[in-house]
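Okay, so here's the structure we're looking at.
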Amino acid sequence: MDVLTLVELGTAHISVTGIAGQDAASSIGATSARVFEGQSQRMPHGRVFGGQVLAQCVMAAGLTVDEERLGGPRPIHSLHGYFMRPGDDTLPIRFAVEEMRDGGSFSTRRVHAVQKEAPIMSMTCSFQTRADGLEHQVAMPEVAAPETLPSLAELFADSEDPRARQLAESRPVDVRNVEGTMWLPPQGEPAAEQNVWMRTVGPLPDEPLLHAAVLAYASDYSLLEPVLRRHGLSWTDARLRVASLDHSMWFHRPVRADEWVLYAQQSPSATSGRGLGMGQMFSRDGVLVATTAQEGMVRVKQ
């Protein structure tokens, strides 16, 4: 909750040189940005967790969507972001939000997460007034219930490894792999798919933007794991070099991140040192609540 509590610092004015005219900044679509600041979670490797930046960008953008001015709530329905640089987990991050457009039903925002005077992530996201329309969804896979699966805290309770201790004690989201954790050597036949149950370790306030942000946070934990599983690799393989490159997410229906969500994941392709992960998130009662896609750098050092 501390990480997702952002402080608004003020407004940055955008200026453009080299283009004739007094309104040159409008040529890039924005003349100002609202600036927020957030803290980082400490991580064993010293780099900011990508899901944290995703979630903070969602919060920063959502804070600029004025429900009163727009005539009612506009929940987030999509985000598309690029990770550009690793973040330093000892420093705060600033988020510059450009209010690109507020239409009759949709609001579009562009967010730049900045640290050490350079962007570490850039995201475009969209918010929509809920409306009636066509309805259909894919079916939720039939898998083991989360109560029958061990938590990471149970799996690594006695481990002395600092990464294992962080998994066991510090993660704010309880993650349970149906096919077994990827922090141990994968068992069974290689497969480019897996299923993960997840929910926060404690209850959250009744704030839809916060639940969407937490879901975005958790979506980055394991989306590249089907790539590793397909090739018999685990996170503890010393040869492995993995980094998120981009991330997209579509929020279909309301959801609570403090209740069990099934994250069904697949990897349709890996090539040229990159792996693609795709996922569908379902509420416990089978409602499709979100869809995700992420490509990451996945290299095995020889």
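At 37 °C and 0.692 mPa s, grab the translational diffusion coefficient of the chain from Stokes-Einstein with a Kirkwood Rh over Cα pairs, rounded to a whole number in µm² per second. Mind showing how you got there, number by number?
Working: Rh = 20.3 Å.
D, rounded to a whole number, is 162 µm²/s.
Using the charge dipole of the chain (Lys, Arg: +1 at Cβ; Asp, Glu: -1 at Cβ; taken about the Cα centre), state which of T148, S244, V7 has its Cα farthest towards the positive end. Highest projection toward the positive end goes to S244. Across the chain, the mean sequence separation of Cα contacts (distance under 8 Å, 6 or more residues apart), normalised by length, yields a relative contact order of 16 percent. When a/c is below 1.5 the answer is rounded, else prolate if a/b is larger than b/c, else oblate, so apply that to segment 75-159 with a ≥ b ≥ c taken from the square roots of the Cα gyration tensor eigenvalues. Judged from the Cα gyration tensor, segment 75-159 comes out oblate (a/c at least 1.5, b/c at or above a/b). Highest GNM mean-square fluctuation among G275, G286, G72, for the chain modelled with Cα contacts below 10 Å: G72. Projecting the Cα atoms of A55, H231, S105 onto the charge dipole of the chain, computed from C-beta unit charges around the Cα centre, puts H231 farthest toward the positive end.
Overall, segment 182-302 carries a charge dipole of about 460 debye about its Cα centre when +1 sits on the Cβ of Lys and Arg and -1 on the Cβ of Asp and Glu, all other atoms neutral.
Each Lys and Arg adds +1 at its Cβ and each Asp and Glu adds -1 at its Cβ; summed about the Cα centre, segment 46-119 shows a dipole of about 220 debye.
As a calculated quantity, the FRET efficiency between M1 and Q187 at R0 = 45 Å, using C-beta atoms, amounts to about 0.80.
Assign one of three labels to segment 17-149, namely rounded, prolate or oblate, based on the Cα gyration tensor with a ≥ b ≥ c the square roots of its eigenvalues; rounded applies when a/c is under 1.5, prolate when it is not and a/b is larger than b/c, and oblate otherwise. Before the final figure, lay out the partial values.
Numbers: a/c = 2.37, a/b = 1.16, b/c = 2.05.
Verdict is oblate for segment 17-149.
Under the simplified labelling scheme, the H252-R163 pair shows an inter-label distance of 3.3 nm, with each label point 7 Å from Cα along Cα→Cβ.
Net charge dipole, segment 1-148: roughly 440 debye, given to the nearest 20, about the Cα centre with Cβ charges of +1 for Lys and Arg and -1 for Asp and Glu.
Looking at the calculated P(r) for segment 40-79, what percent of the C-alpha pair distances fall above 13 Å? Let's see the in-between values first.
On the way: 471 of 780 pairs.
The answer is 60 percent, as a whole percent.
Remark: spin-label model distance V300-E147 equals 4.0 nm, labels positioned 7 Å along the Cα→Cβ axis.
Farthest towards the positive end of the charge dipole of segment 138-259, among the residues Y221, P205, V175, is the Cα of Y221, using unit charges on the Cβ of Lys, Arg, Asp and Glu.
Average projection, convex hull of the Cα set of segment 95-210: 12.4 square nanometres.
Mind listing P(r) for segment 184-277? All alpha-carbon pairs, 10 Å bins, whole percents. Answer for segment 184-277: a P(r) of 14, 43, 29, 13, 1 percent.
When the chain is treated as a GNM with alpha-carbon contacts under 10 Å, the residue of S40, S159, S219 showing the greatest mean-square fluctuation is S159. E179 exposes around 80 Å² of accessible area when a 1.4 Å probe is run over every protein chain in place.
The values are calculated or read from the model by the stated rules, or taken from the named source; none is laboratory data. Keep in mind that what you see is a predicted model, and the values were worked out from it rather than measured. Cβ atoms come from the backbone with ideal geometry, glycine included; neighbour counts cover every protein chain shown. In case anyone asks, the SASA skips ligands and DNA or RNA and just uses the protein heavy atoms, side chains included. Shrake-Rupley method; radii C 1.70, N 1.55, O 1.52, S 1.80 Å.
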